[in-house]
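Input: a single structure, listed below in structure tokens.
What follows is calculated from the coordinates using simple rules that are stated; it is not laboratory data. Everything numeric here is computed off the predicted structure, so don't read it as measured data. Neighbour counts run over all protein chains shown; Cβ positions are idealised from the backbone, glycine included.
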Amino acid sequence: MILIVSLVGIVFGADFLVTGAVSIARKYKVSDFVIGAAIIGVGTSMPEMTVSFLGALNGNADVAIGNVVGSNIFNVMGILGLTAMVAPVAVSRENKRFDLPFCLAVSVLALLLVFNFFTGGDAVISRADSFVLLAVFLLFMYLSLRGNKKSETQEVEVTITNKQFIYGVGKVISGLTLLILASDIFLDNAVAIAKSWGVNDAFISI
């Protein structure tokens, strides 16, 4: 029961965080692309990041790798597959020329870093590797934003009142708080239940 409640808390926390952040972005005339890529894209991944981060802090580092691998497999195969089953998914020229190749390159880079292809040694993602991963992420955001500016079209302005802005800030704060607390409870209970059933750590992390 606690597991289900915490999972619901994670979903609502992420929803509050994203919708609140969108309200704030609208107030400062941020483009739809930035909202989609930087806010919604990152915001919807906050539950995974929070669970992985807390798992690493609590000594369950395998959760991070398993969470990333399992999530990416589900996003590509599950979500994309189910969406295409309902209606064909259009792939733009920019998707084929930049987004998909970049996604593939990042996956290969992560694999090389995991096996310490460049430095040798144990299979581990070090702090130095973390800077590489974060730098690549920032590069992707920069290139995406630059490409968006070149092809930017006029967007319909959305006026956000001060009341809506304050409400958005409140949703961001409450959503982030709920997300962290619910993820911590979910992680502790999920690991405890899985171990009580004799499930190994590698399967738990996925």
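Taken as Cα centroids, the range 161-184 and the range 44-88 sit 22 Å apart, rounded to the nearest whole angstrom.
Evaluating 6.51 cos²θ - 1.76 cosθ + 1.60 at θ = phi - 60° for every residue in the range 172-187, the Karplus couplings come out as 5, 5, 5, x, 5, 4, 4, 4, 5, 5, 5, 5, 5, 5, 4, 5 Hz, glycine and proline recorded as x.
If R0 is 35 Å, the Cβ-Cβ spacing of Arg146 and Ala192 corresponds to a FRET efficiency of close to 0.15. Legend: calculated FRET efficiency, Ser174 to Val108, from the Cβ-Cβ distance at R0 = 30 Å, rounded to 0.05, equals 0.15.
Model label sites at Thr119 and Ser45, defined 7 Å from Cα along the beta-carbon direction, differ in position by 2.2 nm. Phi angles across the range 73-87 convert, under the Karplus curve 6.51 cos²θ - 1.76 cosθ + 1.60 with θ = phi - 60°, into 3J(HN,Hα) values of 4, 5, 4, 6, 7, x, 5, 5, x, 5, 5, 5, 5, 7, 7 Hz, Gly and Pro given as x.
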